[in-house]
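Shown next, in structure tokens, is the structure this report addresses.
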Amino acid sequence: MAVNIPGLVAIAVFYVAILTFGILIGRRKNKSGTADELFLANRSFGLVVACLTTAASMVGGGYVNGTAEVIGRDGLVWTIGPIGYNIGMAIGGIFIAPKVRAARYTTIVDPFQVKYGPKMGGVLFISEFFGDVFWEAAIFGALGTTLSIVLDINITASVVISACVAVIYTFFGGLYSVAYTDIVQLLLIAVGLVLAVPFAVTSPVVDMSKVTTSWLGQVHTEHIGLYIDTIFLCVCGGVPWQAWYQRILACKSPKLAQISTVVGAGIALVLAIPPGILGVAGAATDWNSTSYEGTLPLSFGEWTNILPMVLQFVCPAGISIVGIGAVSAAVMSSADSCVLASGTVFASNIYKNIFRPKASERELVWVLRGAIVVVGALGAIIALTVGTVYGLFILCGDLMFVVQFPQLICVLWVSFANSYGSLSGFIVAMLLRFTGGEPYLFIPPLIKYPYYDDKHGQMFPFKTMTMIISFIFIIGVSYLTDRLFKNGTISKKYDILQCFTEEAAQRTGESKENGEHIPCLTEPLNDGAVLSEKNTSI
């Protein structure tokens, strides 16, 4: 198959347009060039911008390609990712968003550093970082397979070019560039994929009667444990993400942050329907009647290409090109979110709070930009290494579920939680998770839980078990050390993590930002003044 010249030109125009728009909007909005502008857009987001950019942060290449992959191969019942992640985001929006926005934090790692100190908060950045990198890899992997199939260009070149475009405009414009390009990209996703649906399902090579019942899928008895694990992973693993907390922390008020997150999750869930239909159409296609020249039937790993295959071999050429634009837009809308999220946490919580407390604004800006480049590069490398888009889509929430979720709940609502409990919970969660193995990263299991299968791996819901055990350790060790140190059973001179010093008491009692009181998150919040902030801007 020759290179698709019209499609290649269309994608080149799209990339140049997005890159130019992202840089221009960043230069226009970032008037002072401060770190706060790049991090949080001066907390200026109104309802429309907040809703759309929140939805776009979820609807990435992994989201659309992964949804098509799993519903076409395994059926609706296994399409847990888009449903679970959006439920998790909505839950976080209802209960957590107004709380952290009222406290005027910069990142979701801030409450950990306020309560546990800078270094322990830095340790908990590890799971956030890997979650963002795997999410980034899923995004770039989706675009790489799409462009390589539809345009017949090298997958490595497509991934690298896409990563460069997303990194460059985020590098210069920060959250302003990310948010406003998100709005344009979200509209392209909606138009491109919705437009492809009728052409796909009415194509003469597609017989939807072949999948009348099979598209629903089924859960076999031996897979129940795995199914439960995946549900909890997606719902709870969708709660702690910095990428969308960055948007709610940029909202004008706590109430607006709450509303925009729930609405954004709803928009994202609706946008999972078109790729889902295209995935079902792919399962109903007679591929021998198309110009597809690959092996049949599709192997497990080849199903990751089902969306671009439908666009290329089932839809008309013009629709195919529009569909590529939609997937490309999906990639950019989430890729920029990931690199900015990890870059912000590194610059603010690691570099400034731990290594360089007196760092200047200019220094922080350049540290952020350097981190953006590194995260973008790592995501591209992993995308070219790991085969399945949906696997990466699930894997990115893995550490967020087993490690970060119990940590976040405890730091927000368990008043006696301390660094001893947090560190023990972190170590236990990481140990149990990785000794269980990970086929997508080629890590063999050291522990084989009940119902282990040589072909499919762990069938026992060990990730949910790991998360629960981590909860128990955080709460149990925190309570025990709190009692022992405060009762004098153990002398405070042995408080090596400095949880019970005067400095720790002051840190958890209150902090200040520009002279304003920031309440401790384990205390009731008085949101009156903050809730009354104007939110008339879009």
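Restricting the search to segment 91-110, which residues are closer than 16 Å to residue 405 by Cβ and surrounded by 22 or more Cβ atoms within 10 Å (Cβ to Cβ)?
The answer is 92, 93, 96, 97, 100, 108, 109.
What number of residues within segment 418-444 satisfy the criterion of being part of a loop (DSSP other than H, G, I, E, B) and within 26 Å of the chain's Cα centre (by Cα)?
Of the residues in that region, 4 qualify.
Here are 129, 125, 172: which of them is farther than 24 Å from residue 314 by Cβ and in contact with a Ser or Thr (Cβ under 7 Å, 6 or more places away or on another chain)?
None of the other options fit; the residue is 129.
Output yes when any residue across segment 364-372 is buried (at least 21 other Cβ atoms within 10 Å of the Cβ), in contact with a helix residue (DSSP H, G or I) (Cβ under 6 Å, 6 or more places away or on another chain) and closer than 19 Å to residue 65 by Cα, and no when none is.
No; the residues of segment 364-372 include none that is buried (at least 21 other Cβ atoms within 10 Å of the Cβ), in contact with a helix residue (DSSP H, G or I) (Cβ under 6 Å, 6 or more places away or on another chain) and closer than 19 Å to residue 65 by Cα.
Can you name every one of the helices (runs of 4 or more DSSP H) wholly within segment 458-538 that holds 2 or more residues which are modelled with pLDDT under 50?
Output list reads 528-531.
Those residues that are of a type in the set (Ser, Thr, Tyr) and either under 19 Å from residue 430 (Cα atoms) or part of a helix (DSSP H, G or I) (or both), I need them from segment 97-155; list them, please.
116, 127, 145, 146, 148
Quick one: how many residues across segment 210-235 are in contact with a helix residue (DSSP H, G or I) (Cβ under 7 Å, 6 or more places away or on another chain) and part of a loop (DSSP other than H, G, I, E, B)?
The number of residues fulfilling the criteria is 3.
Only one of 87, 96, 80, 71 is out of contact with any Asp or Glu (no Cβ under 9 Å at 6 or more places or on another chain), of a type in the set (Val, Ile, Thr) and either at pLDDT below 85 or within 19 Å of residue 132 (Cβ to Cβ) (or both). Can you tell me which?
Criteria check complete, one pass: 96.
Do the conditions hold for residue 269, that is, is it buried (at least 24 other Cβ atoms within 10 Å of the Cβ) and in contact (Cβ under 8 Å) with a residue 24 or more places away in the chain?
no
Report every pair of residues separated by at least 6 positions or lying on different chains whose Cβ atoms are under 7 Å apart, first residue within segment 371-384 and more than 13 Å from residue 157 (Cα to Cα), second among the hydroxyl-bearing types (Ser, Thr, Tyr) and buried (at least 20 other Cβ atoms within 10 Å of the Cβ).
Pairs found: 371/342; 372/170; 375/342.
Considering 190, 200, which residue is within 30 Å of residue 288 (Cβ to Cβ) and part of a helix (DSSP H, G or I)?
200
Please give the helices (runs of 4 or more DSSP H) falling wholly within segment 1-96 in which 3 or more residues are closer than 19 Å to residue 237 by Cβ and touching a residue at least 24 places away in the same chain (Cβ under 8 Å).
47-58, 61-73, 80-95
Consider residue 217 against the criteria (1) buried (at least 22 other Cβ atoms within 10 Å of the Cβ); (2) at positive phi: it satisfies all of them except one. Which criterion is unmet?
It is condition (1) that residue 217 fails.
Could you check how many residues of segment 452-485 are of a type in the set (Ser, Thr, Tyr) and surrounded by fewer than 17 Cβ atoms within 10 Å (Cβ to Cβ)?
Matching residues across segment 452-485 total 2.
Output the residues belonging to segment 282-304 that are within 17 Å of residue 211 (Cβ to Cβ), touching a helix residue (DSSP H, G or I) at 6+ places or on another chain (Cβ under 8 Å) and in a helix (DSSP H, G or I).
Once the filter is applied, which keeps residues that are within 17 Å of residue 211 (Cβ to Cβ), touching a helix residue (DSSP H, G or I) at 6+ places or on another chain (Cβ under 8 Å) and in a helix (DSSP H, G or I), segment 282-304 yields 282, 283, 287, 303.
The values are calculated or read from the model by the stated rules, or taken from the named source; none is laboratory data. Small disclaimer: the values here were computed from a predicted structure and weren't measured. Cβ atoms come from the backbone with ideal geometry, glycine included; neighbour counts cover every protein chain shown.
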